[in-house]
Structure formats: C-alpha cells, structure tokens
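The values are calculated or read from the model by the stated rules, or taken from the named source; none is laboratory data. From a predicted model like this one, the values you see are computed outputs, not experimental measurements. Quick reminder, even Gly has a Cβ in these numbers, built from the backbone with ideal geometry, and neighbours come from all protein chains shown. Accessible surface areas use protein heavy atoms only, side chains included; no ligands, DNA or RNA. Shrake-Rupley method; radii C 1.70, N 1.55, O 1.52, S 1.80 Å.
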Amino acid sequence: MASTNRPKAANAANMSDWLEVDVPSRLPIIPLVSSVLFPGGVLSLQVGIDRNVRLLKELPDEQNLIAAFCQKGGDKENPRAEDLSQIGVLAAIVQRLPLAADRYQLFLQGRQRVELVQMLQNEPYFEAQVREVVPRQIPKTVKTENLVNRAMSLFEKLVESDSKYSNELLNILRMNVAEGPDGFADLLASFVNLPLEEKQLLLETVNPIERVELLVDYIQRDLGKASVDRDVQRQIQSSIDRREREMYLREQVRVIQDELGDNNSAEREADGYRDRVEALPVADEQKTQLRREVNRLSQLSPSSSDYSVIKGHLDTVFQVPWTEKTEDRLDLARAEEILDERHHGLEKVKERVLEFLAVLKLKGVLKGPILCFAGPPGVGKTSLGAAIAEALGRKFVRMSVGGITDESEIRGHRKTYIGAMPGKLIQSYIQVGVNNPLILIDEIDKIGKDFRGDPASALLEVLDPKQNNTFVDRYLEIPYDLSHTLFIATANMLDSIPGPLRDRMEVIRLSGYTESEKLNIARKHLIPELLENHGLDANQMILDDDALRGIIRDHTAESGVRNLERKLATVMRKIARKVASGSGEASYTVSANELELYLGPPAFEHEFAERTPEIGVTTGLAWTQFGGEIMFIEATRMSGSGRTTVTGQLGDVMRESVTAAYSYVRSKAADLGIDDKMFSEHDLHIHFPAGAIPKDGPSAGVAIATCIASVMGERPVRHDVAMTGEITLRGKVLSVGGIKEKVMAAQRANIKTVLLPEGNRKDLTEVPADVKEGLNFVFTERVEDVWRESLIPLFVIRDKRKRKYDEAEYRADQQASERPEPSR
C-alpha cells in the first residue's frame, strides 16, 4: 500500500461541523504503512496487500466509514495487531477505484481521532472496537492567537525557502486559520514534511496548544536545515577552481572548432574522460596515471592504434563498479525458506550456510572463510550457491574455471597486448554492476597449469580475505577491493586441489542423494519443470511411484539427479509426440511395466539375490568423484612359479595394497587350511574389472585379502556381503573415508551385509536411516573378522570342484554351525 498524493484539507465553511460524525463502536481497520491521516485531510492510497484488498472487496458500498491506523513496525506485507498504533483516525471512503484484480486506488477523508480499544478479528481483515478521542476545547485567547500566528509565519518562511512546498498550501491554510488551534494544527501537520514517527506523535497529541507548539519546533528545525543547505550551495557555487575554468574554456574552444569545421574528436573524448577520472574513488597515484593516459589520448589521432588501446582501457576502468553495491537481506528465516524450497535434504549443508549468514548478520562485515562445496556431480552445488545469493539479495555470478591453464584468465592481460582484456573476475564485476556479488568459482578442482602460468596460484590471493582487498588486475593496473564479495567454490574431488588453495577454503561435503530423496526431488522439482518445458500438464502425463523408482534403480546409477532428469525428459518427449500427433489418448499413465517402451531395457542390474557365492570373487566398496560404487575383485590361480599379476589400471597405492594383502594371506596360510606349496607352485592373477577406469586408494585392502584367501583356499565368498577397509601387515583393519557414499552404493546394489572398520563406527551416524534400513553392519578390527563374515567355511562345501555354491545349503549349514560372533 503506497501513498501517492499529499494530504489536502477539505475547504469547508465550518470544518468542525463537517468533521463531526457519530463513531460506530465496531469498524474495519486499514493499516497505513508510510503515511499518517489527520482529521480534515485527504489521502490517496494504492492498496495491494491481500488483507486490505479483501477488506475493500467485502465492504458494502453503503458503508463508507473505516478506521486508519499507522503501522509502527513489523512486517509491512503482513502486519500483526500489535504493530498498529493506539491512536488513529475515523476516515470516510470518498472513492475506491479497482486498478486490477488485486489492487485498488483509495481516497480517504479524515474525520475524528479514535482510539483502538480492542481488536475483534485479525482475519480476513482487521476489525476492532474503537472510541472517539474528544479534543480539549481551547478558548480563543491572545496567547493562542499569537501561537497560531507564529506557526503561520514560520510556515510562510518555509514555503519561501523550500521548493517542495507550493503557495497553494499556504492559501488553503490561510482560509482555515480562523477555525481555531485544533483544526489549524491538524491541517498544518498534514502539509509539513515530517518523519512518520513525528507525524504519529502529532496525531496522538490531543491538546491543540501542545500540537501547535510541537509544529513550531519542527518547522524551526526544518528552516535551520534549509538555511544550511543554502549556505552549502553558495559555497559550492563559489568554489570554481582553475580546472573547472579550463574545462569551460575548452568547451568554448570546442564550440568554435565545430563552427570553423576544425573539430578535434580526440580532444572532445579526452574532455569527457577528465571529469570521470576525478570522480573515481581511487588513490591519487592511480588518478595521476589515468590523467596521463587521458592527456595522451587527447594528442592522438582516432586512427592511431594506441588511441583504441587507451580508449578501451579507460572505458573498462569506468565500467568497473567501484562503489555500487546491493544491500544484504539478512533474514535467516527467509534464507532457510529459500534453501528448503530450492533443495531437498542436505540438512547439514543448509545448517552450515545459515550459521555463516548468522555470523555475517551479527558482525556486519564479510571477512570469514571461503566456502567450498565438494561432492559428486548433480547434487546441487551450483544451484545451492544461486539459492544463497537469492537469500542474501545479492547478484549471482558463476565463474567456471574448469580447464583453465592460463594465469591471465584470472589476473587479466596487460593492455599493451593485442586483444587484451581484464580477467574473468573483473569481467564478472562489470557484468553484474556491483562490487559485492556472490561469485561461484565452479569446478575449482579441474584447474590446470602449463607454461603460461598457474591459475591456482592466482586464486590464492583472490580467496584470501586478508589480501584480496588490494587485488590488481593486470589490465586495470588499479587495486580493486574484493573483500565485499562472497566467494563460494565447488569441486567434485579435493585431491586435485593444491594444498595452499585448499587451506584457504572451508570444505562442506555434499553426499549423494538416497532413493527416497531422489523420489522427492523428482516430484517437487524435476517433473513440474520438465512438464512445463515440454508443453505438458500434470493430467497429460502421470508417472506413478513404482515407475519413478524403476527409473532411479534400473536406468540411472548416480549420486545426483542429472541422469534422472535426462531419463524423465526422454519419457516426456515420447509422450509429447503422442499428444501433439492427436492420434493417441488425452492422458498417459506410465507404470513400471511400461518403462521398457519408453527407455528400453534396464541399463543397470542391481539384483544379486539370484547369484550364488563364488570362489575368487569379492565385492568391495569404492568412493569416486561420482559418489559411491560397488567394485568386484576377481582372482584366479594357475600352475606356475608363485608369480602375481595385477590388472585393471591401478594406482601405486592400490598395487601396494595388493602386495600387503598377499603377504598377510600367505602368513596366515596354516590358519586358513592352505598348503604353503600353493603359493610357490601356482601363479596368481588379480583383476579389477572396468579396466578403462583408473583406480587407486587403500580402502580395498580387506576385499583384496579376502579374494586371495578365497582363491588359494578354494572357499567361496558370500555374494551378499560388501566390504571396505585398509589392512596392515599385522592384519589390522584401518578406517577409511567416504562411508556414507559407500553404504548408499551397497543399498542400491541390494547388498545385505556391510563390513566396515571399527574406526568408522562413528561415521555411520551420517548415513540416513532409510539407507541403513535392511542392511546388517558388522564392524571389524582384524582381517580374520572379515573372513569369518565373508568366507564360507570349508566344512559346508559340498563339492570343491564346483565353483558355484547352493545358497540354501549354505544357509542351513550356517545355522547349524556355532561360529563365534565378531564385534558388531
């Protein structure tokens, strides 16, 4: 609701009689946000708030009285009853014009002061019990006449000294001065430009004499301000220095040259730059440098190559937002609402972001750590940065640095080079036009380097809050303050980020989504957006939950939701074609049984229930930049001389794990019932499938040792058990990372038992409850604990020549055997 007109007085012969009406005991209330209505005044308002629009729609045409109370605080869009002032005005509705379905133009006339006695209802609009505030009757005396005349005289001086006031107001006031101090004070209060609090105080001042005295004080104060403003203007006008006289003379010369046809365009260009240089908020040495460039520009021909270089540099300097900024909107409740609306789950990440914003709100300056969102693709790192910018009310810039190998992409090129330009940072500031945006440095883990420099080293200064207030771009050659900017980086893997750069950032890890979270994301975000993009509505394409789970399980294998979005888009394109052709049905329901018609056969197989234990095949758990994955390890032996072969594109750490596992299994050959000659008379080949994918890390140690023990001892490995953990030569199982992602991978693959190191017991608290449901977790301290859970005992093997094993026989024998239970 906005006031569009200055309040005016009703020009009546007897204002008191015109104002007085009977005050109903129950009246609807309209809050005034930015104005105060006085008795005798007229106020024009634009009403657009839902509560007030409902009031005007439901108010009968014959009822033209409402109460107007100034809102003293709270939410302007949704005020509460306690946000209203106690003293308001009984107002008559002169006219209400509908501007749109949800907006009115309203004209009100103030009548009498009223007091809010009791709020009777809050919804759908305010309605309250009010009573009239009867002003004191002040007899006309010499003192009151002198006070009114003094106020009138001061207002006449204010009209003369301040152009905001018109003589029309003065004439209206003179016509009503005979009405006495009460009506005169209200009329004068309507005319004087005062802060909202002071106008409300005048309305609450019932004694007319006290009201006029307050107005005299306020007008005297405004006269003093107007006098100071006039003095300042005179000083500014009289402070024309030699530079300004030179500019005047240069303009005269330019006009003469235009008349004579001897026009120097370079000189005119330089004249325009001189004022802009002086207005720049930079140090004097930088201004001196820029003045030299401007003077040089004035002496060059526009056809000169140096002319375009200097002009381009100056234009870029003036385009940079040196002082322009946006005001931060540090409303934590609104920020939480935006984050919840844009992203499902990620509770710990949201909590950390809100903590960051809370510190910023309390401290008022941005000198905190640089945040780095690390996680697999498609989990919402980039969109989370955009949501934070929206919550803060800041401009958002995404600066992708993946694949950058040239340091000049960050620091810019020197302007002497052909095609020189500022770096990506300064270009980002020019793009948004403010010096405090939120800049998302995307894919920071994929920065490269070559003979042209190291971009990661250039980012060291950018991401250091203690240094980035004097960042110098090579093209600008002027220090620029980056400390007002909120930097957020994103990465898939942290290992490839240089240590000094990683040390400057606070890493917040984003794990992959669970199946239930993907289901909710698809329902709330992906499907509505895709339906709109494909020109469909919710009735034309119905996807039931079983079909959606089928897409998630059988057609995608990811931590994020990008592939899920692509598969959903594929289904919708096929349905859109049917709808557009007009030959099909009006509505299509996609069930789980029909997925093959739209997406083809399942691309991923997750069911292991029909498989049987095998000798020399173990299921490990691995962490990749795309999230958690299961990893099969295969081994076979053959007659030979004890040589070991390892294949599958392994890194050095994983090859060392193979060596350590082999040595430990051989040291425990007697305990495993393996003849030591097996190691000297047989060669061993260990293979990690998916050989095109590089693999490294120590977490596959227990899986490798179990695979070797299985093939050398001819003992099958349970197919429904997955394991992870690093081993030592003493047989200890050490803790590893990525537990949440690995457990999620096991759940997706329908694993029944997960073997984890005892040291990772604490990490299981981060795994969502719906992921842990149906999984049996066994925590191991030694490799022997792993073998007891995964290797099928020798006495239950029916036929050693068989590489396949009967699951039912194994379960029956397992229940009959009294095996010691490992620590759980």
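Of the residues making up the stretch 713-730, just one is surrounded by 24 or more Cβ atoms within 10 Å (Cβ to Cβ) and under 15 Å from residue 666 (Cβ atoms), namely 727. All conditions but one from (1) open to solvent by 40 Å² or more (accessible area, probe 1.4 Å); (2) farther than 24 Å from residue 509 by Cβ apply to residue 435; the one that does not is (1).
Within the stretch 495-510, being within 22 Å of residue 349 (Cα to Cα) and either open to solvent by less than 20 Å² (accessible area, probe 1.4 Å) or outside any loop (DSSP other than H, G, I, E, B) (or both) holds for 497, 501, 502, 503, 505, 506, 507, 508, 509, 510.
Identification of helices (runs of 4 or more DSSP H) wholly contained in the stretch 681-779 with 1 or more residues that are within 28 Å of residue 558 (Cβ to Cβ) and free of Cβ contacts under 8 Å to residues at least 12 places away in the same chain yields 769-772.
Flag not set for residue 514, criterion: open to solvent by 60 Å² or more (accessible area, probe 1.4 Å) and of a type in the set (Ser, Thr, Tyr). Restricting attention to the stretch 400-414, the residues being farther than 11 Å from residue 455 by Cβ and crowded, with 21+ Cβ neighbours inside 10 Å number 1.
If you check residue 346 against the conditions, is it out of contact with any strand residue (DSSP E or B) (no Cβ under 9 Å at 6 or more places or on another chain) and at pLDDT below 80? Taking the combined requirement at face value, the residue satisfies it.
Inspect the stretch 311-324 for any residue being modelled with pLDDT under 85, surrounded by 12 or more Cβ atoms within 10 Å (Cβ to Cβ) and in contact with a Lys or Arg (Cβ under 8 Å, 6 or more places away or on another chain) and give the result as yes or no. No - not one qualifying residue is present in the stretch 311-324.
Applying the condition of being of a type in the set (Lys, Arg) and either modelled with pLDDT under 90 or in a loop (DSSP other than H, G, I, E, B) (or both) to the stretch 663-679 and asking which residue is farthest from residue 642 (Cα to Cα) yields 668. Here residue 165 qualifies as at pLDDT below 85 and surrounded by 13 or more Cβ atoms within 10 Å (Cβ to Cβ). Residue check: residue 207 meets all listed conditions (1) modelled with pLDDT under 80; (2) surrounded by fewer than 16 Cβ atoms within 10 Å (Cβ to Cβ); (3) in contact with a Lys or Arg (Cβ under 7 Å, 6 or more places away or on another chain) but one, namely (1). Out of 803, 761, one residue alone is at pLDDT below 90 and surrounded by fewer than 18 Cβ atoms within 10 Å (Cβ to Cβ). It is 803. For the stretch 461-482, the tally of residues that are in a loop (DSSP other than H, G, I, E, B) and either touching a strand residue (DSSP E or B) at 6+ places or on another chain (Cβ under 9 Å) or under 21 Å from residue 408 (Cα atoms) (or both) stands at 12.
So that you can scan it fast, the table gives a plain yes or no per residue for (1) within 30 Å of residue 84 (Cβ to Cβ); (2) in contact with a Pro (Cβ under 8 Å, 6 or more places away or on another chain); (3) modelled with pLDDT under 70; (4) in a helix (DSSP H, G or I):
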| site | (1), (2), (3), (4) |
| --- | --- |
| 199 | yes, no, no, yes |
| 202 | yes, no, no, yes |
| 211 | yes, yes, no, yes |
| 229 | no, no, yes, yes |
| 245 | no, no, yes, yes |
| 250 | no, no, yes, yes |
| 300 | no, no, no, no |
| 307 | no, no, no, yes |
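Identify all residues within the stretch 303-342 that are under 26 Å from residue 380 (Cα atoms) and in contact with a Ser or Thr (Cβ under 7 Å, 6 or more places away or on another chain); write none if there are none. Once the filter is applied, which keeps residues that are under 26 Å from residue 380 (Cα atoms) and in contact with a Ser or Thr (Cβ under 7 Å, 6 or more places away or on another chain), the stretch 303-342 yields only 342.
When the stretch 615-645 is filtered for residues that are assigned to a loop (DSSP other than H, G, I, E, B) and within 36 Å of the chain's Cα centre (by Cα), the ones remaining, listed by number, are 625, 626. Scanning the stretch 309-349 for residues that are over 30 Å from residue 526 (Cβ atoms) and not in a loop (DSSP other than H, G, I, E, B) yields 309, 310, 311, 312, 313, 314, 315, 316, 317, 318, 319.
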